[in-house]
1. Lys/Arg Cβ at +1, Asp/Glu Cβ at -1, dipole of the chain taken about the Cα centre: which of Asn211, Asn6, Val326 is farthest positive-ward?
2. Can you pull out the trypsin sites (Lys or Arg not before Pro) in the range 1-109 whose DSSP state is coil and whose Cβ has at most 15 other Cβ atoms within 10 Å?
3. So for the chain, averaging the separation of alpha carbon pairs under 8 Å that are six or more residues apart and normalising by length, what relative contact order in percent results?
4. When the dipole is taken about the Cα centre of the range 69-200, and only Lys, Arg (+1) and Asp, Glu (-1) are charged at their Cβ, what size is it in debye, to the nearest 20?
5. Restricting to DSSP loop positions (anything but H, G, I, E, B) with no more than 16 other Cβ atoms inside 10 Å of their own Cβ, which trypsin sites (Lys or Arg not before Pro) remain in the range 220-326?
6. Work out how far the C-alpha atoms of the chain reach from end to end along every principal axis, then list the three figures in whole Å, largest first.
7. Using r as the Cβ-Cβ distance of Lys121 and Gln195, and R0 as 45 Å, what FRET efficiency do you calculate, to the nearest 0.05?
8. Would you work out the charge dipole size for the chain about its Cα centre, treating the Cβ of every Lys and Arg as +1 and the Cβ of every Asp and Glu as -1, and quote it to the nearest 20 debye?
Amino acid sequence: MLSVKNLSMRYQEATFDAVHDISFDLPKGSKLAIVGESGSGKTTLLKLLAGLFDPSAGEISLNESLVLGPSHNLVAGHEHIRIVLQDYGLKKNQSLKENLEYPLRYFTPEEQQQKIAVLAKTFHIQNLLDRKSYQLSGGQQQRAAIATCFAANPQVMLMDEPFSNLDVLLADHIRMHMMKEVKKNKTSLIFVTHQTDDALALADTILVMRNGERVQLGTVEEIYDQPVSPYVAALFSDINFFRFSKLEDLKLKGYKPCEKELGNNFVAGIRSHDIEVITKGRGLTKAVVIRKEFHGDQYKLFLRLPNKLQLKAFTTDISIQDGDVVKLNFTFDDVLLFPNQTSLDV
């Protein structure tokens, strides 16, 4: 169990905490994704968890043993925790094979070669083993760094944007292998990502951060279905935000009881994929197509309603063009409500 209690850190001469009062428990074998806008403290948190930074407050423990920072250790880090940062951490003047051999140094030469061969094949780096790390591309270095992390067989893996430089053709293969090995070895995995699809697909739990603080912590289903703020909702889906009172013109079933109970001074949201666009039949309201974008298997439409509300929606109807009048359908159950939000700004 990795346990984090009231963890904070402030960089020297800074006037605010880069990480502020973060707490969570990660059971053995669990997968946690850390998500948030740039500058929200995600990488700093990873470095604290790895023992590379000293916290200003709070503590980290692994299996009830404290994870201490560089002021307590001659060599920063923890023997059972490995981290892959965006600079990849490979030894520049050593070959890739030498980088892989180091975490395997306690195995026999024969065992080392067997394990390196498996890792090299898995991460598609067989033909790169004799190259120095500085001779590798960003994507090659990233695959090599992940392979080195797996070679160490740690109890906890920490990864900063582990898929950011992977070729599209390799990404799925490597993700599948990583998840298989993590499950088999019951390794705890914490990864930072801007790709929220990866967070939803690969993690058990998601921590959403902003300005160094925890915004929401929950299962992937909780984060997607019950976002606590427009910020969280916008991270995980293409969504429209508008004043709740704008729904009055649409006469949605369920609007009036909710207005009576909560009032109308808060923000509503509806995911673009929850809006049905039709050209024939009855719809909830009409809308004019302002703009149309091609998104591969579908088109994204920018729409204006009679009450001036602008929405985004998706359709597979190739016949719809800019300037067309279409009809929209959605239900009150599709609407997310944010009573504590005073601004439409995410």
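Read the figures in this text as sums done on the coordinates, not as results from a lab. Since the structure is predicted, the reported quantities are computational estimates derived from the model, not experimental observations. All Cβ positions, even for glycine, are placed from backbone atoms using ideal geometry, and neighbour counts span all protein chains on display.
1. Working it through, the farthest residue towards the positive pole turns out to be Val326.
2. Qualifying residues, ordered by number: Lys28, Lys91, Lys92, Arg105.
3. The value is 16 percent.
4. 260 debye
5. Within the range 220-326, the qualifying trypsin sites (Lys or Arg not before Pro) (loop, at most 16 other Cβ atoms within 10 Å) are Lys251, Lys253, Lys280, Arg282, Lys308.
6. Computed over the chain, the largest-to-smallest principal extents equal 73, 46, 37 Å.
7. Working: r = 25 Å, r/R0 = 0.56.
E(calc), rounded to 0.05, equals 0.95.
8. The calculated dipole for the chain is roughly 580 debye.
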